[in-house]
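First the structure, in the form of C-alpha coordinates, and then the observations on it.
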Amino acid sequence: MALRLLSKARVVPELRNVAFASSAAAPAELSDFDMQHKTPVIRKQQLIPKAQYGGRHAVTMLPGGGIGPECMGYVREIFKYIGAPVDFEVVDIDPTVDNDDDVQYAITTIKRNGVGLKGNIETKSEAAYVTSRNVALRNELDMYAYVLNCKSFAGVPTRHKDIDIQIIRQNTEGEYAMLEHESVRGVIESMKVVTASNSERVARFAFEFAKKNGRKKVTTVHKANIMKLSDGLFLETSRRLAKEYPDIEHNDMIIDNCCMQLVAKPHQFDVMLMTNLYGSIVSNVVCGILGGAGLLSGRNYGDHYAVFEPGTRNTGTAIAGKNIANPIAMINASIDMLEHLGHHFHADLLRRAVNKTVNVDRILTPDVGGSSSSSEVVDSIIDNIETVAKNEIPIVLA
(Lines give C-alpha, C1' and ligand atoms only; values in the text may rest on other atoms or scores of the structure.)
Protein backbone atom coordinates (compact mmCIF):
# COMPACT_ATOMS: atom_id res chain seq x y z
CA MET A 1 0.00 0.00 0.00
CA ALA A 2 1.35 3.38 -0.88
CA LEU A 3 2.41 5.62 1.96
CA ARG A 4 1.23 8.64 0.09
CA LEU A 5 0.19 9.75 -3.39
CA LEU A 6 2.19 12.85 -4.10
CA SER A 7 -0.35 14.89 -6.05
CA LYS A 8 -0.39 18.33 -4.44
CA ALA A 9 1.03 21.53 -5.87
CA ARG A 10 4.80 21.81 -6.11
CA VAL A 11 5.24 18.06 -5.81
CA VAL A 12 7.86 16.44 -8.00
CA PRO A 13 6.00 15.54 -11.23
CA GLU A 14 7.88 12.27 -11.67
CA LEU A 15 6.67 11.07 -8.26
CA ARG A 16 2.94 11.31 -8.90
CA ASN A 17 0.98 8.04 -8.80
CA VAL A 18 3.92 6.03 -7.52
CA ALA A 19 4.80 4.53 -4.20
CA PHE A 20 8.22 3.74 -2.84
CA ALA A 21 9.42 0.96 -0.61
CA SER A 22 9.76 2.48 2.86
CA SER A 23 10.59 0.59 6.00
CA ALA A 24 7.60 2.27 7.64
CA ALA A 25 5.49 -0.17 5.65
CA ALA A 26 7.74 -3.18 6.11
CA PRO A 27 6.80 -5.25 9.16
CA ALA A 28 9.88 -7.45 8.92
CA GLU A 29 12.20 -4.75 10.33
CA LEU A 30 11.36 -2.32 13.10
CA SER A 31 12.25 1.32 12.56
CA ASP A 32 14.33 3.05 15.22
CA PHE A 33 11.13 4.79 16.33
CA ASP A 34 9.28 1.49 16.82
CA MET A 35 12.27 -0.14 18.47
CA GLN A 36 12.60 2.74 20.89
CA HIS A 37 8.97 2.65 21.95
CA LYS A 38 8.43 -1.11 21.93
CA THR A 39 11.60 -2.08 23.79
CA PRO A 40 12.20 0.40 26.62
CA VAL A 41 14.91 -0.79 28.96
CA ILE A 42 15.80 1.79 31.57
CA ARG A 43 13.52 4.51 32.83
CA LYS A 44 9.83 3.84 33.41
CA GLN A 45 7.59 6.81 32.71
CA GLN A 46 3.89 7.50 32.41
CA LEU A 47 3.69 7.44 28.65
CA ILE A 48 1.19 9.29 26.51
CA PRO A 49 0.04 7.30 23.44
CA LYS A 50 2.01 8.27 20.34
CA ALA A 51 0.17 10.32 17.74
CA GLN A 52 0.56 8.07 14.73
CA TYR A 53 -2.07 7.45 12.09
CA GLY A 54 -2.44 6.34 8.49
CA GLY A 55 1.28 5.63 8.04
CA ARG A 56 2.09 9.22 9.05
CA HIS A 57 3.91 10.56 12.08
CA ALA A 58 3.17 13.63 14.16
CA VAL A 59 6.36 15.43 15.21
CA THR A 60 6.80 18.28 17.66
CA MET A 61 8.55 21.24 16.06
CA LEU A 62 10.29 23.71 18.35
CA PRO A 63 11.61 26.57 16.15
CA GLY A 64 13.54 28.18 19.02
CA GLY A 65 15.20 31.57 18.64
CA GLY A 66 17.52 33.32 16.21
CA ILE A 67 17.64 31.58 12.84
CA GLY A 68 15.52 28.67 14.07
CA PRO A 69 12.14 29.85 12.73
CA GLU A 70 13.43 30.58 9.22
CA CYS A 71 15.31 27.26 9.04
CA MET A 72 12.19 25.40 10.20
CA GLY A 73 10.28 27.15 7.44
CA TYR A 74 12.73 25.73 4.90
CA VAL A 75 12.28 22.24 6.36
CA ARG A 76 8.49 22.48 6.07
CA GLU A 77 8.78 23.72 2.48
CA ILE A 78 11.03 20.80 1.52
CA PHE A 79 8.88 18.23 3.34
CA LYS A 80 5.80 19.49 1.49
CA TYR A 81 7.65 19.23 -1.80
CA ILE A 82 8.76 15.63 -1.31
CA GLY A 83 5.50 14.57 0.34
CA ALA A 84 7.18 13.39 3.55
CA PRO A 85 4.56 11.60 5.72
CA VAL A 86 5.12 13.91 8.69
CA ASP A 87 2.77 16.40 10.33
CA PHE A 88 4.40 19.05 12.50
CA GLU A 89 2.93 20.30 15.76
CA VAL A 90 4.61 23.68 16.19
CA VAL A 91 5.31 24.88 19.74
CA ASP A 92 6.88 28.29 20.35
CA ILE A 93 8.73 28.85 23.63
CA ASP A 94 9.00 32.43 24.89
CA PRO A 95 12.62 32.96 26.02
CA THR A 96 11.81 36.02 28.12
CA VAL A 97 9.31 34.64 30.64
CA ASP A 98 10.31 33.65 34.18
CA ASN A 99 8.38 30.39 34.26
CA ASP A 100 8.52 26.98 32.61
CA ASP A 101 4.94 26.78 31.32
CA ASP A 102 5.93 26.81 27.64
CA VAL A 103 8.64 24.21 28.24
CA GLN A 104 6.26 21.91 30.10
CA TYR A 105 3.78 22.13 27.23
CA ALA A 106 6.57 21.34 24.75
CA ILE A 107 7.57 18.33 26.86
CA THR A 108 3.96 17.12 26.88
CA THR A 109 3.74 17.31 23.09
CA ILE A 110 7.01 15.38 22.66
CA LYS A 111 5.71 12.73 25.05
CA ARG A 112 2.57 12.53 22.94
CA ASN A 113 4.39 12.38 19.60
CA GLY A 114 7.58 10.60 20.65
CA VAL A 115 9.80 12.71 18.38
CA GLY A 116 10.81 16.35 18.16
CA LEU A 117 12.72 18.63 15.78
CA LYS A 118 14.15 21.70 17.45
CA GLY A 119 16.21 24.81 16.98
CA ASN A 120 18.20 26.25 19.84
CA ILE A 121 15.94 27.71 22.51
CA GLU A 122 17.17 30.78 24.33
CA THR A 123 16.79 31.27 28.07
CA LYS A 124 17.11 35.02 28.57
CA SER A 125 16.07 35.07 32.19
CA GLU A 126 18.95 35.16 34.68
CA ALA A 127 16.75 34.15 37.60
CA ALA A 128 18.25 31.19 39.43
CA TYR A 129 14.95 29.36 39.53
CA VAL A 130 14.51 29.46 35.74
CA THR A 131 16.25 26.47 34.19
CA SER A 132 17.80 26.36 30.74
CA ARG A 133 15.05 25.37 28.32
CA ASN A 134 17.36 23.07 26.37
CA VAL A 135 18.67 21.32 29.48
CA ALA A 136 15.15 21.00 30.91
CA LEU A 137 13.95 19.26 27.74
CA ARG A 138 16.78 16.75 27.81
CA ASN A 139 16.46 16.05 31.53
CA GLU A 140 12.67 15.83 31.71
CA LEU A 141 12.57 13.47 28.72
CA ASP A 142 15.57 11.51 30.04
CA MET A 143 17.40 11.79 26.71
CA TYR A 144 20.69 10.59 28.13
CA ALA A 145 22.68 10.15 24.90
CA TYR A 146 23.60 12.77 22.33
CA VAL A 147 25.08 11.70 18.99
CA LEU A 148 26.89 14.06 16.61
CA ASN A 149 27.80 12.70 13.19
CA CYS A 150 30.99 14.51 12.17
CA LYS A 151 31.62 13.75 8.51
CA SER A 152 33.49 15.94 6.05
CA PHE A 153 31.72 17.67 3.16
CA ALA A 154 33.82 17.45 0.02
CA GLY A 155 32.44 20.76 -1.24
CA VAL A 156 33.44 22.72 1.86
CA PRO A 157 37.10 23.85 1.93
CA THR A 158 38.80 22.76 5.16
CA ARG A 159 42.33 21.93 6.30
CA HIS A 160 41.51 18.28 7.06
CA LYS A 161 39.69 16.04 4.55
CA ASP A 162 37.76 12.77 4.89
CA ILE A 163 36.99 13.06 8.59
CA ASP A 164 34.38 10.60 9.89
CA ILE A 165 33.89 10.78 13.66
CA GLN A 166 30.90 9.99 15.86
CA ILE A 167 30.69 11.91 19.15
CA ILE A 168 28.54 10.36 21.88
CA ARG A 169 27.90 12.64 24.83
CA GLN A 170 26.25 11.94 28.17
CA ASN A 171 23.36 14.37 27.97
CA THR A 172 21.67 14.75 31.36
CA GLU A 173 24.20 15.19 34.17
CA GLY A 174 27.78 16.28 34.81
CA GLU A 175 28.19 20.06 35.08
CA TYR A 176 24.73 20.43 33.53
CA ALA A 177 23.05 19.07 36.67
CA MET A 178 22.26 22.75 37.45
CA LEU A 179 22.99 22.30 41.16
CA GLU A 180 24.59 25.51 42.38
CA HIS A 181 24.51 27.36 45.67
CA GLU A 182 26.31 30.10 47.58
CA SER A 183 27.86 28.32 50.56
CA VAL A 184 29.04 31.59 52.15
CA ARG A 185 28.81 35.10 50.81
CA GLY A 186 30.95 35.42 47.69
CA VAL A 187 31.62 31.69 47.35
CA ILE A 188 29.63 29.77 44.74
CA GLU A 189 29.75 25.99 44.57
CA SER A 190 28.60 24.13 41.45
CA MET A 191 28.11 20.39 41.65
CA LYS A 192 29.24 17.99 38.94
CA VAL A 193 27.09 14.87 39.14
CA VAL A 194 28.27 11.59 37.64
CA THR A 195 26.30 8.45 38.43
CA ALA A 196 27.19 4.82 37.86
CA SER A 197 23.84 4.07 36.21
CA ASN A 198 24.00 6.90 33.64
CA SER A 199 27.69 6.29 32.98
CA GLU A 200 26.96 2.65 32.25
CA ARG A 201 24.04 3.19 29.96
CA VAL A 202 25.72 5.87 27.85
CA ALA A 203 28.89 3.75 27.65
CA ARG A 204 26.84 0.74 26.58
CA PHE A 205 25.03 2.96 24.08
CA ALA A 206 28.41 3.96 22.62
CA PHE A 207 29.72 0.41 22.29
CA GLU A 208 26.44 -0.86 20.86
CA PHE A 209 26.44 2.07 18.44
CA ALA A 210 29.97 1.18 17.36
CA LYS A 211 29.03 -2.49 16.95
CA LYS A 212 25.86 -1.74 14.98
CA ASN A 213 27.59 0.71 12.64
CA GLY A 214 30.77 -1.26 11.98
CA ARG A 215 33.03 1.09 13.95
CA LYS A 216 36.39 -0.15 15.17
CA LYS A 217 37.34 2.03 18.14
CA VAL A 218 35.79 3.91 21.06
CA THR A 219 37.79 6.67 22.78
CA THR A 220 36.65 7.77 26.24
CA VAL A 221 37.45 11.44 26.89
CA HIS A 222 37.94 12.47 30.53
CA LYS A 223 39.83 14.48 33.14
CA ALA A 224 40.23 11.67 35.65
CA ASN A 225 43.76 12.81 36.49
CA ILE A 226 42.18 15.78 38.30
CA MET A 227 38.56 14.76 38.96
CA LYS A 228 39.48 11.34 40.25
CA LEU A 229 36.06 10.39 41.63
CA SER A 230 33.61 11.78 39.07
CA ASP A 231 35.55 11.33 35.84
CA GLY A 232 37.25 8.34 37.44
CA LEU A 233 33.87 6.62 37.74
CA PHE A 234 33.01 7.42 34.12
CA LEU A 235 36.37 6.13 32.87
CA GLU A 236 36.29 2.99 35.00
CA THR A 237 32.79 2.21 33.75
CA SER A 238 33.89 2.57 30.12
CA ARG A 239 36.87 0.32 30.66
CA ARG A 240 34.73 -2.33 32.33
CA LEU A 241 32.14 -2.35 29.55
CA ALA A 242 34.85 -2.41 26.89
CA LYS A 243 35.71 -5.94 28.02
CA GLU A 244 32.27 -7.06 26.82
CA TYR A 245 33.14 -5.90 23.28
CA PRO A 246 36.47 -7.56 22.42
CA ASP A 247 36.13 -6.75 18.72
CA ILE A 248 36.09 -3.00 19.43
CA GLU A 249 39.29 -1.27 20.44
CA HIS A 250 39.02 1.01 23.46
CA ASN A 251 41.37 3.76 24.59
CA ASP A 252 41.04 6.94 26.61
CA MET A 253 42.35 10.49 26.37
CA ILE A 254 42.43 13.52 28.67
CA ILE A 255 40.17 16.30 27.42
CA ASP A 256 42.85 18.98 26.93
CA ASN A 257 45.06 16.64 24.92
CA CYS A 258 41.97 15.47 23.04
CA CYS A 259 41.23 18.99 21.78
CA MET A 260 44.82 19.39 20.57
CA GLN A 261 44.77 15.96 18.89
CA LEU A 262 41.47 16.78 17.16
CA VAL A 263 42.95 19.90 15.59
CA ALA A 264 46.27 18.23 14.69
CA LYS A 265 45.36 14.61 13.85
CA PRO A 266 41.57 14.13 13.74
CA HIS A 267 41.71 10.92 11.70
CA GLN A 268 42.83 8.90 14.72
CA PHE A 269 39.31 9.14 16.20
CA ASP A 270 36.34 6.93 15.38
CA VAL A 271 33.68 6.92 18.13
CA MET A 272 34.28 9.36 20.99
CA LEU A 273 32.52 8.93 24.35
CA MET A 274 32.47 11.69 26.96
CA THR A 275 30.58 13.43 29.73
CA ASN A 276 28.29 16.39 29.18
CA LEU A 277 30.51 19.47 29.26
CA TYR A 278 33.38 17.83 27.39
CA GLY A 279 30.84 16.80 24.75
CA SER A 280 29.75 20.39 24.31
CA ILE A 281 33.33 21.59 23.89
CA VAL A 282 34.48 18.78 21.59
CA SER A 283 31.34 19.05 19.43
CA ASN A 284 32.05 22.71 18.73
CA VAL A 285 35.73 22.01 18.04
CA VAL A 286 34.86 19.34 15.46
CA CYS A 287 32.17 21.49 13.85
CA GLY A 288 34.78 24.20 13.43
CA ILE A 289 37.24 21.75 11.87
CA LEU A 290 34.59 20.61 9.37
CA GLY A 291 33.49 24.07 8.30
CA GLY A 292 31.39 25.68 11.01
CA ALA A 293 28.13 25.60 12.93
CA GLY A 294 25.83 25.44 9.92
CA LEU A 295 26.49 21.93 8.62
CA LEU A 296 26.24 19.15 11.21
CA SER A 297 23.19 17.73 12.95
CA GLY A 298 22.78 16.24 16.41
CA ARG A 299 20.49 13.55 17.83
CA ASN A 300 19.20 13.31 21.41
CA TYR A 301 18.14 9.80 22.42
CA GLY A 302 16.38 8.36 25.43
CA ASP A 303 14.56 5.10 25.90
CA HIS A 304 11.23 6.61 24.89
CA TYR A 305 11.88 9.86 23.04
CA ALA A 306 14.19 11.36 20.43
CA VAL A 307 14.81 15.00 19.52
CA PHE A 308 16.82 16.15 16.51
CA GLU A 309 18.59 19.50 16.19
CA PRO A 310 21.56 21.32 14.62
CA GLY A 311 24.88 20.03 15.91
CA THR A 312 26.01 23.20 17.67
CA ARG A 313 23.50 24.69 20.07
CA ASN A 314 23.80 28.29 18.87
CA THR A 315 20.83 30.52 18.05
CA GLY A 316 22.53 32.65 15.39
CA THR A 317 20.59 35.71 16.55
CA ALA A 318 23.03 38.14 14.88
CA ILE A 319 22.21 36.84 11.38
CA ALA A 320 18.49 36.09 11.86
CA GLY A 321 16.26 37.46 9.11
CA LYS A 322 19.14 38.38 6.79
CA ASN A 323 18.76 35.39 4.43
CA ILE A 324 22.36 34.33 4.99
CA ALA A 325 21.94 31.62 7.64
CA ASN A 326 23.15 28.19 6.62
CA PRO A 327 20.07 25.89 6.51
CA ILE A 328 22.04 22.66 6.01
CA ALA A 329 22.36 21.73 9.71
CA MET A 330 18.61 21.94 10.29
CA ILE A 331 17.88 20.07 7.05
CA ASN A 332 20.35 17.35 8.06
CA ALA A 333 18.58 17.13 11.43
CA SER A 334 15.30 16.59 9.59
CA ILE A 335 16.93 13.82 7.53
CA ASP A 336 18.07 12.11 10.75
CA MET A 337 14.50 12.39 12.01
CA LEU A 338 13.07 10.80 8.85
CA GLU A 339 15.50 7.89 9.18
CA HIS A 340 14.59 7.43 12.83
CA LEU A 341 10.91 7.26 11.89
CA GLY A 342 11.62 4.67 9.22
CA HIS A 343 10.94 6.86 6.19
CA HIS A 344 14.17 5.87 4.50
CA PHE A 345 13.14 6.70 0.94
CA HIS A 346 12.39 10.32 1.78
CA ALA A 347 15.53 10.57 3.93
CA ASP A 348 17.76 9.18 1.19
CA LEU A 349 16.18 11.39 -1.47
CA LEU A 350 16.75 14.51 0.61
CA ARG A 351 20.25 13.47 1.70
CA ARG A 352 21.37 12.95 -1.90
CA ALA A 353 19.87 16.31 -2.92
CA VAL A 354 21.77 18.05 -0.11
CA ASN A 355 24.95 16.23 -1.13
CA LYS A 356 24.60 17.42 -4.72
CA THR A 357 23.94 21.00 -3.65
CA VAL A 358 26.88 21.19 -1.24
CA ASN A 359 29.49 18.86 -2.74
CA VAL A 360 28.80 18.95 -6.48
CA ASP A 361 27.09 22.26 -7.28
CA ARG A 362 28.78 23.97 -4.32
CA ILE A 363 25.87 26.28 -3.62
CA LEU A 364 27.04 27.53 -0.23
CA THR A 365 26.24 30.30 2.22
CA PRO A 366 28.96 32.81 3.25
CA ASP A 367 29.83 31.01 6.51
CA VAL A 368 31.39 28.14 4.55
CA GLY A 369 33.04 30.16 1.82
CA GLY A 370 30.13 30.61 -0.56
CA SER A 371 28.13 33.60 -1.74
CA SER A 372 24.60 32.18 -1.94
CA SER A 373 21.68 33.18 0.23
CA SER A 374 19.76 30.78 2.46
CA SER A 375 16.84 30.69 0.04
CA GLU A 376 19.14 30.01 -2.92
CA VAL A 377 20.58 26.98 -1.10
CA VAL A 378 17.08 25.68 -0.39
CA ASP A 379 15.95 26.30 -3.98
CA SER A 380 18.97 24.33 -5.19
CA ILE A 381 18.11 21.43 -2.89
CA ILE A 382 14.52 21.40 -4.17
CA ASP A 383 15.73 21.45 -7.79
CA ASN A 384 18.14 18.60 -7.03
CA ILE A 385 15.38 16.54 -5.42
CA GLU A 386 13.75 16.32 -8.83
CA THR A 387 17.10 15.48 -10.44
CA VAL A 388 17.98 12.64 -8.06
CA ALA A 389 14.39 11.35 -8.05
CA LYS A 390 14.61 10.65 -11.78
CA ASN A 391 17.34 8.12 -11.02
CA GLU A 392 15.13 6.19 -8.60
CA ILE A 393 13.19 3.11 -9.75
CA PRO A 394 9.66 3.58 -8.39
CA ILE A 395 7.08 0.93 -7.65
CA VAL A 396 4.35 2.06 -10.05
CA LEU A 397 0.80 1.70 -8.77
CA ALA A 398 -1.46 -0.43 -10.90
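The values are calculated or read from the model by the stated rules, or taken from the named source; none is laboratory data. For clarity, every value in this text was computed on a predicted model and none was experimentally measured. Please note: Cβ atoms are built from the backbone with ideal geometry, for glycine as well, and neighbour counts cover all protein chains shown. To get the accessible areas, we keep the full protein, side chains included, count just its heavy atoms, and leave off ligands, DNA and RNA. Shrake-Rupley method; radii C 1.70, N 1.55, O 1.52, S 1.80 Å.
Solvent-free Debye calculation, one equal scatterer per alpha-carbon of the stretch 284-359: log10 I(q)/I(0) at 0.16, 0.25, 0.27, 0.28 Å⁻¹ equals -0.64, -1.21, -1.27, -1.29. For the charge dipole of the stretch 116-208, defined by +1 on Lys and Arg C-beta atoms and -1 on Asp and Glu C-beta atoms about the Cα centroid, which residue among Asn120, Val184, Val194 has the Cα displaced farthest towards the positive pole? Farthest towards the positive end: Asn120.
The protection proxy used here, the mean number of other Cβ atoms lying within 10 Å of each residue, ranks peptides 174-183, 232-241 as follows, highest first: 232-241, 174-183.
Provide the packing ranking of 57-64, 159-166, 105-112, 94-101, i.e. peptides ordered by the mean count of other C-beta atoms within 10 Å per residue, highest first.
Ranking, from highest mean packing down: 57-64, 105-112, 159-166, 94-101.
In a reduced charge model with +1 at each Lys and Arg Cβ and -1 at each Asp and Glu Cβ, the stretch 152-252 shows a dipole moment near 360 debye about its Cα centre. Expressed as a whole percent, the accessible surface of the stretch 245-352 that belongs to carbon and sulfur atoms is 57, based on a 1.4 Å probe.
Over the stretch 85-220, the hull volume per residue, using the convex hull of the C-alpha atoms, is 204 Å³.
For the stretch 309-398, take the convex hull of the Cα atoms, compute a quarter of its surface area, and give me that in nm², please.
With every direction weighted equally, the projected area is 7.0 nm².
Of the Cα atoms belonging to the stretch 159-281, the radius of gyration and Dmax stand at 15.5, 53 Å.
Dipole orientation for the stretch 322-373: of the candidates Val354, Leu364, Asn326, Leu364 has the Cα lying most toward the positive pole (charges on Cβ; Lys, Arg +1; Asp, Glu -1).
Net length available on complete extension from Ser183 to Thr387 is 67.1 nm, with 0.36 nm assigned per residue and the Cα-Cα distance removed. Distance between the C-alpha centres of the stretch 201-243 and the stretch 323-383: 33 Å, rounded to the whole angstrom.
Here the stretch 250-381 is described by how far its Cα atoms reach on the three principal axes: 44, 35, 29 Å, from widest to narrowest. Working note: Cα gyration tensor of the stretch 207-249, eigenvalues times five, square-rooted, sorted largest first, giving semi-axes of 23, 10, 7 Å. Qualifying trypsin sites (Lys or Arg not before Pro) in the stretch 176-217, where qualification requires a DSSP coil assignment and no more than 14 other C-beta atoms within 10 Å, comprise Arg185, Lys216. Each label was represented as a point 7 Å from its Cα along the Cα-to-Cβ direction; for His160 and Met191 these points are 3.6 nm apart.
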